[in-house]
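**Student:** Quick one: the structure is below, and I'll ask about it shortly.
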Amino acid sequence: MTAGRPSRSPKSRWGQPLRLVLRLAVMGIGLGVITGTSLKLLAPRLAQGAIKPPSLDGAAVRTGQGLDQGRFEPRTELPALSQRWSQLAAAQKDLTASGFLLVLDDGRFAQLQPDLPLPAASSIKTPILLAGLEDLDSGKLRWNEPLPLTKEVVGGGAGWMASRPVGTRFPFFEAATEMIRVSDNSATNLLIKRLGGKTVLNERFTAIGLPNTAVNNWLPDLNGTNTTSSRDLAKAIALVDTGEKLSPRARDLFREIMGSSRTNTLIPLGLLQGLGKDGADPDSELLSFGITTYNKTGDIGIAYADAALIQLPNGQRAVAAFMVKGPFNDPRSTDLIRAMAGEVAKALVGRK
């Protein structure tokens, strides 16, 4: 005789599961009746707003619109800053200066002859970059489209592309980047030609609200015939950052290219000096204050310019541009731009 578990009869094997199913069914019917009755009683009060449905985590429902992109809309002048710029410029009788600042988030601004046309030098490259990325955005040109170097567009001065053989083809993205990174004049001329030439570009500048910006000669334009104004330069950057002229992807490309600029000795250094600091690498030093700048300078000896997007420590963004015309290679011209930028830092950031 072997030991083992006693065998269960069919009745005992199925009886317990059936009882469990019956209990669950009864409980389900009971809960359904209770829930239905409760909803019937509460429905009129919900319809009248007496009972508000709960929100997630007790917080208001968010729209998901994100941060406001701001706009190019001067609203409230900063008179002390405008007056300070005027005093700085008046102290240099033989220099002609222009400046414009706008905080995109709240419309605060300062100005000094902001619509005075002055020699643009390489600062003209910022609105040219805007026009190029606008055509990229609309599908009129390709990011890697080859641009052939011809005798017509070879420009002396800054850059390395002029040293390449005529007929060399540069992709659009390389020409656009080098135009800003090392201020390559041949790269700029390549873009001017690809975008339709001087006349077409000038018509586009006027159409987007840059009335004082004009390309009249190939770069380097040492005589200063290409013109712009401090308001135009600031607006060209603002049109990008507020999303008015470029898609988010093209805006990111604009920032990346502007961020590659090697020259940071005007607005960036001026901002740093205004905060009581100095340094060989202003961009890195400014990061300790929570400030980031994206700028493009211009320099033809008789005229200097710089325009920048400035990310402020409080999360706001400002556009600023300064231009000075004076005697050839006069260090007072660049000193004046730095001094005006320094006043911006004092007004908008203060000191640590």
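**Student:** For GLU256 and ASP137, compute 0.36 nm times the residue count separating them, minus their Cα-Cα distance, and round to one decimal in nm.
**Tutor:** On the way: separation 119, 0.36 × 119 = 42.84 nm, distance 1.55 nm.
Net length gain for the segment: 41.3 nm.
**Student:** So how do SER261, SER284 rank on accessible area, 1.4 Å probe, biggest first, that is with the largest at the start? List each step's numbers first, then the result.
**Tutor:** Numbers: SER261 15, SER284 65 Å².
Output order, biggest surface exposure first: SER284, SER261.
**Student:** To the nearest 10 Å², what's ARG204's accessible area with a 1.4 Å probe?
**Tutor:** The accessible area of ARG204 comes to roughly 50 Å².
**Student:** Got a sec? What order do GLU145, GLU152 fall in by accessible area at 1.4 Å, biggest, i.e. largest, first?
**Tutor:** Working: GLU145 30, GLU152 100 Å².
Correct descending sequence by accessible area is GLU152, GLU145.
**Student:** Run the accessible area of region 157-309 with a 1.4 Å probe and give the carbon-and-sulfur part as a rounded percent.
**Tutor:** Exposed carbon and sulfur together represent 50 percent of the surface.
**Student:** Net charge around PRO171, counting only other residues with Cβ within less than 14 Å of its Cβ (Lys, Arg = +1; Asp, Glu = -1)? Don't skip to the end; give the middle numbers.
**Tutor:** On the way: positive: ARG142, ARG164, ARG169, ARG194; negative: GLU145, GLU174, GLU178, ASP184.
With Lys, Arg at +1 and Asp, Glu at -1, the neighbours total 0.
**Student:** Here's something else I'd like to know. If you find the alpha carbon centre of region 241-263 and of region 323-340, how far apart are they in angstrom?
**Tutor:** For region 241-263 versus region 323-340, the Cα centre distance is 27 Å.
**Student:** Largest first, how would TRP85, TRP160 line up by accessible area (1.4 Å probe)? Show your work: numbers first, answer last.
**Tutor:** Working: TRP85 0, TRP160 70 Å².
Largest to smallest exposure gives the sequence TRP160, TRP85.
**Student:** Where does each of 319-327, 333-341 land if you order them by average Cβ count within 10 Å, highest first? Each step should come with its number before you reach the end.
**Tutor:** On the way: 319-327: 25.7, 333-341: 23.2.
Sorting 319-327, 333-341 by mean packing, highest first, produces 319-327, 333-341.
**Student:** Shifting gears a bit: Tell me, what HN-Hα J-couplings in whole Hz come from the Karplus equation 6.51 cos²θ - 1.76 cosθ + 1.60 at θ = phi - 60° for each residue of region 197-208, using x for Gly and Pro?
**Tutor:** Per residue, the Karplus-derived 3J(HN,Hα) values read x, 4, 4, 4, 4, 4, 5, 5, 4, 4, 5, 9 Hz.
**Student:** Hey, how many Å between the Cα centroid of region 167-230 and the Cα centroid of region 294-312?
**Tutor:** First find each Cα centre; the distance between them is then 16 Å.
**Student:** Another question, then. Using only the Cα atoms of region 270-320, build the gyration tensor, take square roots of its eigenvalues as a ≥ b ≥ c, and label the shape rounded, prolate or oblate: rounded if a/c is under 1.5, else prolate if a/b is larger than b/c, else oblate. If you can, show how the numbers build up before the last one.
**Tutor:** Working: a/c = 2.53, a/b = 1.46, b/c = 1.74.
Oblate shape, in that a/c is at least 1.5 and b/c is the bigger or equal ratio.
**Student:** Sort region 96-202 into rounded, prolate or oblate with this rule: let a ≥ b ≥ c be the square roots of the eigenvalues of the Cα gyration tensor; rounded if a/c is under 1.5, and if a/c is not under 1.5, prolate when a/b is larger than b/c, oblate otherwise. Please report the intermediate quantities before stating the final value.
**Tutor:** Numbers: a/c = 2.44, a/b = 1.71, b/c = 1.43.
Here region 96-202 falls in the prolate category.
**Student:** Averaged per residue, what accessible surface does region 264-352 expose to a 1.4 Å probe, in Å²?
**Tutor:** On the way: 3160 Å² over 89 residues.
For region 264-352, the per-residue accessible area is 36 Å².
The values are calculated or read from the model by the stated rules, or taken from the named source; none is laboratory data. Quick caveat, the model's predicted, so the values are computed rather than measured. Glycine gets a Cβ as well: all are built from the backbone with ideal geometry, and neighbour counts include every protein chain shown. The accessibility values were calculated without ligands, DNA or RNA, using every heavy atom of the protein model including side chains. Shrake-Rupley method; radii C 1.70, N 1.55, O 1.52, S 1.80 Å.
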